[in-house]
Amino acid sequence: MWDHTKVTRAALVSGAAEGGTELNAFDNALLAAGIGDVNLIRVSSILPSHVEVVDSKPDLPRGAFVPVVYAEKSSSKPGELIAVAVGFGRAPDGFGVVMEAVGSSRKEAEDEVRRRIEEAFRVRSLELKEVKVAAAEHRVERCGSVVAACVFF
């Protein structure tokens, strides 16, 4: 059985890239974010109080199965501006909520993530002590992609 206490850290990462196809652009954006050589396991948006959020990209073994909350957008419309953001909010006891958003600009995606975090804390009747957000923005040349993620490790 999986022991959730083995996950002790999290990091916010983001990346943007072009590729020959939208899927290749997404793969390249994952590589740019530092999480392209692992298997992402999408999880819901809770940040446990015992998890420390670090500022550096995680050093993960290739092929690892890694829990992650992420947003992504890919496009093959030249000239289109695409953006995503992911962020977390924490209460004084360390409990947190992670939210993600897609937008047409970095600012739009970041603002939406902040609104979602604020609402999540409001409905839980929790005090919001800390908020951090990571975002990526890219103007599509041929096939582009952006990704922002909260990686648990």
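Of note:
- Residues that are surrounded by 15 or more Cβ atoms within 10 Å (Cβ to Cβ) and part of a helix (DSSP H, G or I) within the range 119-153 comprise A120, F121, listed in sequence order.
- In the set A101, A71, A109, A64, only one residue is touching an Asp or Glu at 6+ places or on another chain (Cβ under 6 Å) and either within 23 Å of E141 (Cβ to Cβ) or surrounded by fewer than 18 Cβ atoms within 10 Å (Cβ to Cβ) (or both); that residue is A71.
- Set side by side, the residues A120, A109, A136, A91 differ, and just one is in contact with a Ser or Thr (Cβ under 6 Å, 6 or more places away or on another chain) and at pLDDT 95 or above, which is A136.
Residues checked against (1) within 30 Å of P92 (Cα to Cα); (2) part of a helix (DSSP H, G or I); (3) in contact with a strand residue (DSSP E or B) (Cβ under 8 Å, 6 or more places away or on another chain); (4) not hydrophobic (A, V, I, L, M, F, W, C):
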site	(1), (2), (3), (4)
G20	no, no, no, yes
L23	no, yes, yes, no
L30	no, yes, yes, no
V53	yes, no, yes, no
D59	yes, no, no, yes
G63	no, no, yes, yes
P67	yes, no, yes, yes
P78	no, no, no, yes
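- Matching option when the condition is in contact (Cβ under 8 Å) with a residue 60 or more places away in the chain and within 23 Å of G36 (Cα to Cα), among A120, A83, A101: A83
- Pairing each residue of the range 5-34 that is on the phi < 0 side of the Ramachandran plot and of a type in the set (G, A, S) with any residue that is assigned to a strand (DSSP E or B) and surrounded by fewer than 19 Cβ atoms within 10 Å (Cβ to Cβ), provided the two are 6+ apart or on different chains, yields C-beta distances under 6 Å for A10/V53; A11/V54; A25/E18.
The values are calculated or read from the model by the stated rules, or taken from the named source; none is laboratory data. Owing to the predicted nature of the structure, the values given are computational and were not obtained by experimental measurement. No Cβ is skipped: glycine too gets one built from the backbone with ideal geometry, and neighbour counts run over all protein chains shown.
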